[in-house]
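Quick note: the coordinates plus some simple rules give every number you see, no bench work behind them. Everything quoted here is computed from the prediction, not taken from an experiment. Note: ideal-geometry Cβ built from the backbone for every residue, glycine included; neighbour counts use all protein chains shown.
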Amino acid sequence: MRLLSNGSRKMAKDPVCGMYVDEKTSKLKATVHGLDYYFCSEGCLKTFLRPEVELRNLKILVVFSMTLAIPTLIFTHLPVLPVLPINVWLFILATPVQFIGGQRYYRGAFDAVRNRSANMDTLIAVGTSAAWVYSTIVTFAPSIFPDGEVYFDTSAVIIALILLGRLFEDIAKVKASDAIRKLMELQPTVATVVRDGSETEIPIEKVESGDTVIVRPGERIPVDGEVIEGYSYVDEKMVTGESMPAEKTVGDRVIAATINRSGLIKLRATKVGKDTMLSQIIRLVEEAQVARAPIQRLADSVSSYFVPAVIFIAFTSFAVWNLFGQGFTFSLGVFISVLIIACPCALGIATPTAIMVGTGKGAENGILIKGGEYLEKAHKLNTVVLDKTGTLTKGEPSVTDVVTAHNYTEDQVLAFSASAESGSEHPLGEAFVRAARDKRLTIPRLESFEALPGRGVAATCSGKKVLLGNRRLMMENGLPIAHVESRIKDLESQGKTVMLTAIEGKLAGIVAVADTLKETSRSAVDQLRRMNLEVIMLTGDNERTAKAISKQLGIDRVIAEILPADKAEIIRKLQSEGKIVGMVGDGVNDAPALAQSDVGIAIGGGTDIALETGGIVLIRDDLRDVAAAIQLSKRTVRKIKQNLFWAFFYNTVLIPVAAGLLYPILGILLNPMFAAAAMSFSSVTVVANSLLLRRFTSKIY
């Protein structure tokens with residue numbers, strides 16, 4: 001938790017509402033995973049600790065408010081209820097919405113006043129209360145305002161609609177906590193350790209540093225450790241970003257939550273519990289999500305000046321007219337008229353309606369935007385950081401080149417290589433077999449097979465002896481490769497893994513394997529650059545491979561061989577340079593950087609953790625949608641600003657009239673009925689303007 005010094009006081013930011021809290025005097029404190037959080041109210045504390053419960057309660061509150069607000073609106077214009085006067089019925093319907101549905105806004109307004117500020121809650125509480133109080137007076141004391149109209153529908157509908165917008169925001173917050181939960185689920189719950197000479201399965205919490213841990217093929221590695229026996233390939237893609245499974249032998253380090261793909265290995269535990277790399281990733285995600293300052297809503301910014309000004313004008317008008325002898329009734333009418341004309345009906349829906357239409361349109365275009373804050377910030381991005389594996393590339397090895405020798409054809413080299421690898425547990429074997437099947441080749445029958453750790457394989461395929469492996473394997477068998485060395489180096493310089501194939505004692509050819517680019521990656525990068533965005537590649541893969549990929553894409557700046565913690569730190573450094581950074585990724589290793597960035601953009605085909613951490617998800621797994629999302633953000637923010645203008649325009653223009661400035665000259669005094677009409681018209685304008693977003697089409701394809 002970041003603390004700000006304020007004289008002798010230390011102020012901590014509430015992770016839910018963003019308000020600053022006195023760290024010394026606050027009694028509302030929670031410690032989660034070693035981090036201290038301070039809260040301004042019990043509501044914020046509950047929302048943070050039990051988001052699912054609070055979300056369920058909010059859903060109930062929205063249904064409750066809508067169930068009463070809609071009939072209030074209908075019966076205001078169709079007064080057909082029996083027994084009691086219609087105004088009494090409207091009072092009965094609207095009052096629960098005002099004080100049960102609107103309770104959180106009264107609480108928020110009180111907290112704002114206590115902190116000597118004004119926010120959206122203040123505006124909602126003051127505006128709806130003015131409408132409700134005035135309507136209640138008209139209902140039960142009609143002699144005060146003989147010709148008065150009731151505006152119960154105004155207060156009830158405002159609160160119901162704003163609660164609906166808050167529901168969408170809270171859903172996004174719960175998703176953020178899901179990201180951390182899913183990170184934790186990657187951690188195995190049990191581990192097989194050797195104690196007192198025998199294998200024992202124990203809970204992961206009881207594994208100690210120095211224990212010997214056994215990991216069988218297909219199992220997740222439970223702790224960070226060092227291999228002391230065995231040989232295998234470990235899929236580390238979800239942590240390091242490396243697309244190719246890493247070869248592990250004695251002395252190599254392994255990481256918790258990665259998957260052992262082939263042989264049995266024994267390792268010595270070096271880091272357990274909260275010290276593992278996975279635990280550090282979880283901590284980084286938590287810190288980045290909380291440390292990210294909430295966006296200061298434009299409406300809140302305006303209301304911080306607008307609300308005090310309106311209240312001042314209302315009280316001043318009351319005092320002046322009372323002083324000039326117009327009487328209490330006249331002065332009270334002016335006071336309420338000023339507050340009603342400033343009622344935030346349109347202001348309350350100005351942002352939510354544009355965001356709802358914008359996010360809906362995004363979903364139609366394969367872009368899932370989780371909340372208004374991401375829409376508001378995406379249009380400001382000036383730097384886009386792209387992960388490599390699974391984002392720019394397909395995330396799986398594919399055969400890219402087949403080079404022949406000694407009169408063998410490409411099909412023969414590929415077919416025999418696929419046959420030899422069909423008996424192997426090597427992860428590249430699937431790439432060979434898949435490539436041969438894609439070309440509809442007849443794969444020779446595998447008759448015998450021997451794995452040669454660290455070198456390759458030896459096999460007999462349809463009566464022919466086949467060797468498939470690296471330079472070392474060829475040299476051990478006396479096969480010259482000098483005449484193809486330049487070609488091998490050329491392929492390796494492109495970031496490709498090279499395998500040599502020998503048939504019946506002769507070098508038959510070379511097969512190169514690499515993680516290939518997605519079809520849309522080049523055009524996506526070109527589009528981002530045309531939008532004057534700086535594009536950076538950030539990857540845990542080796543530098544040679546990263547540079548080869550960046551050359552194909554035209555990306556000038558590449559940062560390679562980066563661990564997850566370093567990715568988040570690099571995003572912080574870019575932000576410290578004044579850059580507004582969007583991070584695009586798909587893996588667990590990208591989660592801290594996605595959370596740290598100003599806008600995290602997750603690829604739809606990626607891991608659940610990346611999808612939950614990212615603020616924007618590209619459902620179609622098409623990188624070109626990054627540019628489309630930014631375009632949609634710009635269009636939506638433009639609509640929000642237009643809506644805020646119209647939300648204030650009618651009301652602000654009529655405030656002087658409501659205050660009675662024209663009364664001495666023209667004898668005109670604004671009737672609250674006209675104030676309500678202005679509010680209604682501004683609301684219609686805002687909704688209609690937001691619906692124009694439905695015509696949005698991205699200038700991408």
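Listing for the model above:
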quantity: Too-long pairs where the Cα-Cα distance tops 26 Å, listed order kept, from LYS237/LYS551; LYS573/LYS641; LYS489/LYS547; LYS388/LYS573; LYS380/LYS547; LYS271/LYS496; calculated: LYS573/LYS641; LYS380/LYS547; LYS271/LYS496
quantity: Trypsin sites (Lys or Arg not before Pro) restricted to DSSP loop in the range 91-154 with at most 13 other C-beta within 10 Å; calculated: ARG116
quantity: Loop-located GluC sites (Glu not before Pro) in the range 414-502 whose Cβ has at most 16 other Cβ within 10 Å (DSSP); calculated: GLU425
quantity: Relative packing of 688-695, 615-622, 532-539, which averages over residues the other C-beta atoms within 10 Å, highest first; calculated: 615-622, 532-539, 688-695
quantity: Computed label-point distance, nm, for sites LEU164 and GLU476 using a 7 Å Cα→Cβ extension; calculated: 7.0 nm
quantity: Other-chain or far-sequence residues with amide H under 5 Å of VAL254's (modelled H); calculated: GLY225, GLU226, VAL227
